[in-house]
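Here is the structure we will look at.
No lab work stands behind these numbers, since they all come straight from the coordinates. The shown structure was predicted, so the numbers you read here are calculated from the model rather than taken from an experiment. Note that we place each Cβ from the backbone using ideal geometry, even for glycine, and neighbour counts take in every protein chain shown.
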Amino acid sequence: MGPEPTVELLIDRTRCVGHGSCAELLPELLTLDEWGYPSNPAGPVPAPLQRFARRAVGTCPVLALRLAEQPARR
Amino acid sequence: MTSTTSRHWAQTVPGSTALPRVLAGDGRRDLPGHLARHGQLPDVSGSALLDAVEAAGLSGRGGAGFPTARKWRAVASGAGPAVVVGNAAEGEPASSKDHVLLTTNPHLVLDGVQVAARAVGATRVVLYAEPDAETWAVLGEALREREDDRVELIAARHAFIAGEESAVVDAVSGGPGLPRAKPPRVFERGVDGRPTLVQNVETLAHAALVAHYGPGWFRALGTDDEPGTMLLTLHGGRGRTVAEAEIGTPLVDLVDLAGAQAVLIGGYHGTWVPADAARSARLSRASLGAVGATPGAGVVVPLPRGSCGVVETARVLVYLAAQSAGQCGPCLNGLPRIALVAEALAEGRATPRDLADLRRWAGLVQRRGACAHPDGTVRLLTSALEVFEPEVQRHLAGRCSARDHRPILDGRS
């Protein structure tokens with residue numbers, strides 16, 4: 001398996017108001033804290049979850065999420 | 001050292017270990033006084049200045065201690081002409097060093113602004129400073145004396161987080177002066193989307209001295225890893241003084257620790273260090289790191305034995321919660337809760353369950369803000385819970401051991 005670009009989910013905390021739809025789409029990656037805000041994603045988005053991550057980015061009502069492709073790290 | 005740097009500056013310069021450096025020793029803040037001390041800035045290229053600042057080993061004096069040359073190179077290699085912002089937004093209530101530097105030695109700071117602008121190739125130069133009457137009068141006069149119409153003076157927002165680099169960029173760009181999410185970092189995309197250097201004014205003053213005298217001179221004071229001097233705001237006897245000290249100086253030579261139980265190092269985002277540990281520590285990242293602290297922007301506050309660390313910390317936490325920009329959910333929700341429970345603890349009304357909440361919230365807000373305000377607030381809180389643990393237990397039992405209730409740390413902005 002060759003090195004693939006890693007994809008990171010970035011949360012703009014100044015926009016996020018805790019709708020929580022991202023955690024519904026990505027329960028493997030995000031949990032909501034006691035105030036309804038998503039946790040920091042633990043590391044890059046695994047390949048099987050990337051299409052859900054893209055959907056989370058597209059459905060965030062305040063556009064607080066984005067995906068950043070990083071060149072493969074060694 | 002590169003050949004460009006050695007060509008311009010001698011390896012050793014007489015008086016290179018004399019103090020003060022960035023403060024004006026003779027008390028003259030006018031241009032003739034400045035020129036008598038240092039002369040005109042030497043005519044050195046931007047790349048030679050970059051090399052010299054790198055060889056000097058200068059690091060940021062605004063609190064984070066980032067290597068200055070690395071920051072300058074990042075800005076210089078950015079896309080398009082750069083912007084330089086001299087940062088004198090000193091929102092920290094316990095710090096006065098930038099104000100003192102700017103109002104007693106403005107021309108050295110302006111030299112530093114010029115050096116940074118040349119080094120990174122800036123086409124726009126801003127000084128972002130608190131708009132108090134004294135600062136404005138001194139800077140206005142200094143710019144007139146230099147016949148410098150290039151430096152724009154922009155009034156800093158008066159708030160704890162005003163000096164955070166993305167907040168500075170926001171204000172200079174015409175916004176309300178609030179932190180913004182990263183990436184992009186301001187050295188990539190800052191003011192008007194241009195690569196932007198936001199540099200503390202004290203750091204700029206040191207850079208000016210490197211330009212005047214060279215890296216060899218700069219390294220004659222300080223430690224090998226942390227060369228130079230730094231400005232400090234030293235508290236004690238219910239007053240404060242701003243002093244310049246060599247990095248590596250023992251803390252006991254700077255403040256009176258005889259009657260102290262603990263020392264707050266680094267300001268309101270800083271760390272409580274037990275007095276015993278402080279007595280053997282030196283003013284350096286290496287030495288203070290061993291006791292869990294950093295010099296930060298040079299605030300040192302001894303806490304007398306008769307005062308209560310729980311009460312002092314609670315007062316600061318209430319202030320810091322009020323200083324949240326309120327943009328990021330965890331900070332907006334966590335800091336006021338932390339402050340309320342810390343206040344209840346200070347007043348002897350908290351339960352062990354409240355204390356558990358406090359520790360849980362501390363974990364929840366960390367690394368979840370656009371800026372480091374929640375992280376700094378938690379740093380203060382967790383060091384207080386550790387250093388003042390016996391006092392925390394006393395407060396849970398509704399008691400307080402303070403004999404002197406006059407505040408040491410100010411809760412006002």
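Below is a table of values for the structure above.
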read-out	value
Cβ crowding within 10 Å averaged over residues, with B:351-362, B:150-161 ranked highest first	B:150-161, B:351-362
Surrounding net charge for B:Ser166, when Lys and Arg each add one and Asp and Glu each subtract one, Cβ distance under 9 Å	0
Three-way shape call for the stretch B:229-304 based on the alpha-carbon gyration tensor, with the a/c threshold at 1.5	rounded
Normalised contact order of the stretch B:309-396, rounded percent, pairs of Cα under 8 Å and 6 or more residues apart	38 percent
Rounded Å value of the spacing that divides the Cα centres of the stretch B:263-289 and the stretch B:295-344	18 Å
On Cα atoms only, tilt of A:50-59 relative to the major axis of chain A in degrees	30 degrees
Translational diffusion of the protein assembly as shown, µm² s⁻¹ [Kirkwood Rh, Cα pairs; Stokes-Einstein; 10 °C; 1.306 mPa s]	66 µm²/s
Listed peptides B:24-36, B:298-310 by packing density, highest first (mean Cβ within 10 Å)	B:298-310, B:24-36
At most 10 other Cβ within 10 Å, DSSP loop - trypsin sites (Lys or Arg not before Pro), the stretch B:196-252	B:Arg238
Acute angle (nearest 10 degrees) that the helix B:309-322 long axis makes with the longest principal axis of chain B, alpha-carbon atoms	60 degrees
Considering only the protein assembly as shown, percent of DSSP beta bridges that pair antiparallel, nearest 5	60 percent
Sequence-separation-based contact order of the stretch B:3-218, relative, with Cα cut under 8 Å and 6+ spacing, percent	33 percent
Sum of -39500 (n - 2.57) over DSSP H runs of 4+, divided by residues of chain A (222 nm, nearest 500)	-5500 deg cm²/dmol
Length-normalised contact order for chain B - Cα pairs under 8 Å, 6+ apart - percent	17 percent
222 nm mean residue ellipticity, helices alone, for chain B (DSSP H n ≥ 4; -39,500 (n - 2.57); rounded to 500)	-12500 deg cm²/dmol
Residue-averaged beta-carbon neighbours from other chains (10 angstrom radius) around A:10-22	5
Around B:Leu204: net Lys/Arg minus Asp/Glu count, Cβ-Cβ under 10 Å	-1
Shielding score for B:92-101, defined as the mean number of other chain Cβ atoms within 10 Å	0
Average projected area [Cα convex hull, the stretch A:6-70], square nanometres	3.9 nm²
Dimensions (Å) - the stretch B:309-396, Cα atoms, principal axes, largest first	36, 20, 19
Separation between Cα centres of the stretch B:346-413 and the stretch A:15-74, rounded to whole Å	32 Å
Compactness of chain B, expressed as Rg and Dmax over alpha-carbon positions, Å	21.6, 68
Percent of beta bridges antiparallel (DSSP, the stretch B:3-218, rounded to nearest 5)	5 percent
